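Peer 1: There's a structure below that I have some questions on.
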Amino acid sequence: MTIEMDHGWTPPPVLAPNIYPVDWRVEDRRALNVYERAKDLTWNPTRLAWDTVDVDALDPEERLAVAYHGALGAMFEYAAAPQFLHPLSTLYERHEEHGLILLCMATGRDEFVHEEFFRRVATTMIPGFPFEFTPRTELEHRAVQNLRWVEWKQSRMWPTYTEKVVLGDNPWLLQVSILAPEIVGMVLFDRIVDGIAWPALKEGYRHVDVDERRHVAYGRLLFEKRMRDRDRPPLGTDERRFLAKLASDGILYAMGMLALPQLVTSDESNFWMRPADQAPGHFAETHGRLLGRAMRVTTGEDADAMWEAARPAVKKVKWVLEQNGIDDFDDHLPVFEAFRIGARERSLEEDYTTDLLAR
């Protein structure tokens, strides 16, 4: 049987928006390079040496403090995974270059792994912590109340995220909201890796730290792509102010979640403790007390040392934004002033992701 070729046939146009036609182009090899690094460095929290964690060497408050710190990290990562994976279909429909799409998917997977690691830290210290165990002491009750309030606080972010990022067709905005806490977080994780004694936690935090560097590289790539996109209008004043607010809130978010109780104060400029949010009255005291103990156990340092360690990272956030034309920080200077960073002070220019973004 002979089948003749219909040389004049072509398919009908694809209806938009659509993930088709297939688009596998790569415009910036750096994105693909970072994705390849992600595949090479995949890790499994279950395989860590959890039996080396000597829980009995800690007193009850120290165990609670480390569990609280782990639970905060898990809740942070719980929100991060869908933030990366939710806009995947939008990136496909916009036919962003394939390297960025692959990297978005890999980053979302990383966040699932991080959530698993931090949950394991919490439940290794106290089985079932935080929401599947019965508090027996006043401090345990307060710790669980704090975490329930953090859960509620995070829930208020989701509708704004959906409106601005998903429905607003602005997946690049995600990177600004994530970039600040990722940069700050990886500096703080460095300190934990240097100070912690237990092999399982040292290896786990080291993996998280390495992953965060890739996430920052991805954020830089997508953010810079948007800022240099000639097919879209330049950002207006309101948009630049909104991005400055995202960065400010992101820094406060990381500080409150990861290490620094000093920023948990009752101030209208503070992401965590705006009076209208009606936090439990003991939130700041309990949060500071437990995070302070957790830092001493995991790093051997107090919160003031962590504060100083975070300062270069906050300057780095400011510099990245300035390099992309976002420099309207007037409404958010309390955050930078807390780290003694002036409005006109040039931020550090060392690039934490130089090796990843080398062409």
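Peer 1: Could you state how much accessible area TRP158 has, in square angstrom rounded to the nearest 10, with a 1.4 Å probe and all protein chains kept in place?
Peer 2: Surface accessible to solvent at TRP158 totals approximately 90 Å².
Peer 1: Just to make sure I understand: if all protein chains stay in place, what is the order of ARG148, ARG240, ARG37 by accessible area at 1.4 Å, largest first?
Peer 2: I get ARG148, ARG37, ARG240, largest accessible area first.
Peer 1: Given a Förster distance of 41 Å, report the FRET efficiency between LEU41 and HIS282 from their Cβ-Cβ distance, rounded to the nearest 0.05.
Peer 2: About 0.50, to the nearest 0.05.
Peer 1: Rank these by accessible area, largest first, 1.4 Å probe: GLU111, GLU285.
Peer 2: Result, largest first: GLU285, GLU111.
Peer 1: State to the nearest 20 debye the size of the charge dipole of the range 51-119 about its Cα centre, where the only charges are +1 on K and R beta carbons and -1 on D and E beta carbons.
Peer 2: Charge dipole, the range 51-119, about its Cα centre: 380 debye, nearest 20.
Peer 1: Just to be sure I understand the model, the point goes 7 Å from the Cα along the line to the Cβ. What's the resulting SER155 to ILE3 distance in nm?
Peer 2: Label-label distance for SER155 and ILE3, simple model: 5.7 nm.
Peer 1: In the full protein assembly as shown, how much of LYS202 is accessible to a 1.4 Å probe, in Å² to the nearest 10?
Peer 2: 70
Peer 1: Which lysines, if any, have their Cα less than 27 Å from the Cα of LYS245, not counting same-chain residues under 8 positions apart?
Peer 2: LYS153, LYS164, LYS225, LYS315, LYS316, LYS318
Peer 1: Another question, if that's okay. How high is the FRET efficiency from ALA49 to PHE131, r the C-beta distance, R0 25 Å, rounded to 0.05?
Peer 2: Here the calculated transfer efficiency is 0.40.
The values are calculated or read from the model by the stated rules, or taken from the named source; none is laboratory data. Note that the structure is predicted; figures quoted are calculated from it, not measured. So basically every Cβ, Gly included, is an ideal-geometry build from the backbone, and we count neighbours across all protein chains shown. Side chains are part of the model used for accessible areas, which takes the heavy atoms of the whole protein and leaves out ligands, DNA and RNA. Shrake-Rupley method; radii C 1.70, N 1.55, O 1.52, S 1.80 Å.
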